[in-house]
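Here's the structure, in structure tokens; my notes come after.
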Amino acid sequence: MVLPSILIASLGATHAPFQAPLFDSRAGAGSGQWQLIHVLADGCACSNRVRAYLKQRPGIDGVRERLVPVDGASRLRLANLSMEISAAPLLIVVAPDGRVRYAGGYSQRRDAQDGFHDREILAKLSRGSAVEPLPVYGCATSRQMRARLDPFGLKALLER
């Protein structure tokens with residue numbers, strides 16, 4: 001009874017809602033345009049859903065978008081940003097002045113049945129509205145977070 005419970009908890013914990021990273025909103029010099037940075041983890045089903053969504057949706061006029069793969073890295077250094085990344089997929093929105101205006105998830109629900117809200121988040125931010133970060137549902141990206149969620153390494157054993 002104990003072993004199946006540990007196994008189920010280990011698998012579920014790797015796709016738990018993570019806290020959005022803390023960031024310094026004074027990211028640096030701006031690019032003069034809005035930026036969407038999509039931080040995705042290879043081998044993560046949640047990141048793969050976001051990747052598939054981004055492939056099928058048209059680009060956003062006047063907005064620079066980047067896909068940033070993470071693989072075991074815990075810090076993101078990009079576009080004058082430096083922040084701890086503990087999970088992916090993660091959406092980061094940078095304003096034209098270079099300030100990070102949003103760092104969080106894409107949807108309200110773990111299964112993304114409510115859709116992806118990146119365009120809606122950008123629209124609100126560009127109108128000057130504040131946006132509360134959505135939960136980051138996905139996979140742990142740092143070794144420390146993976147070890148904390150799956151201390152026995154059961155997920156890696158089952159994926160072989």
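The values are calculated or read from the model by the stated rules, or taken from the named source; none is laboratory data. Predicted model only: the values in this text are computed from it and were never measured. Here the Cβ positions follow ideal geometry from the backbone for every residue, glycine too, while neighbour counts run over all protein chains shown.
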* Is it fair to say Ala103 is out of contact with any helix residue (DSSP H, G or I) (no Cβ under 7 Å at 6 or more places or on another chain), within 17 Å of Val131 (Cβ to Cβ), among the small types (Gly, Ala, Ser) and at pLDDT below 90? -> no
* Asked: Among the numbered criteria (1) of a type in the set (D, E, K, R); (2) part of a helix (DSSP H, G or I); (3) modelled with pLDDT under 95, which single criterion is violated by Arg77?
  -> (2)
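Residues are listed down the side, and each one gets a yes or a no for (1) closer than 22 Å to Glu120 by Cβ; (2) modelled with pLDDT of 60 or more:
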{"residue": "Pro4", "(1), (2)": "no, no"}
{"residue": "Ala9", "(1), (2)": "no, no"}
{"residue": "Ser25", "(1), (2)": "yes, no"}
{"residue": "Asp42", "(1), (2)": "no, yes"}
{"residue": "Leu67", "(1), (2)": "yes, yes"}
{"residue": "Ala88", "(1), (2)": "yes, yes"}
{"residue": "Arg99", "(1), (2)": "yes, yes"}
* With the condition kept exactly as written, say whether any residue in region 99-111 is surrounded by fewer than 13 Cβ atoms within 10 Å (Cβ to Cβ), without any contact (Cβ under 8 Å) to a residue 60 or more places away in the chain, within 17 Å of Asn48 (Cα to Cα) and among the polar types (S, T, N, Q). => no
* To do: Only residues in region 32-50 that are in a loop (DSSP other than H, G, I, E, B) count as the first member; pair them with residues that are among the acidic types (Asp, Glu), Cβ under 8 angstrom, at least 6 apart or cross-chain, and list the lot.
  => Asp42/Asp71
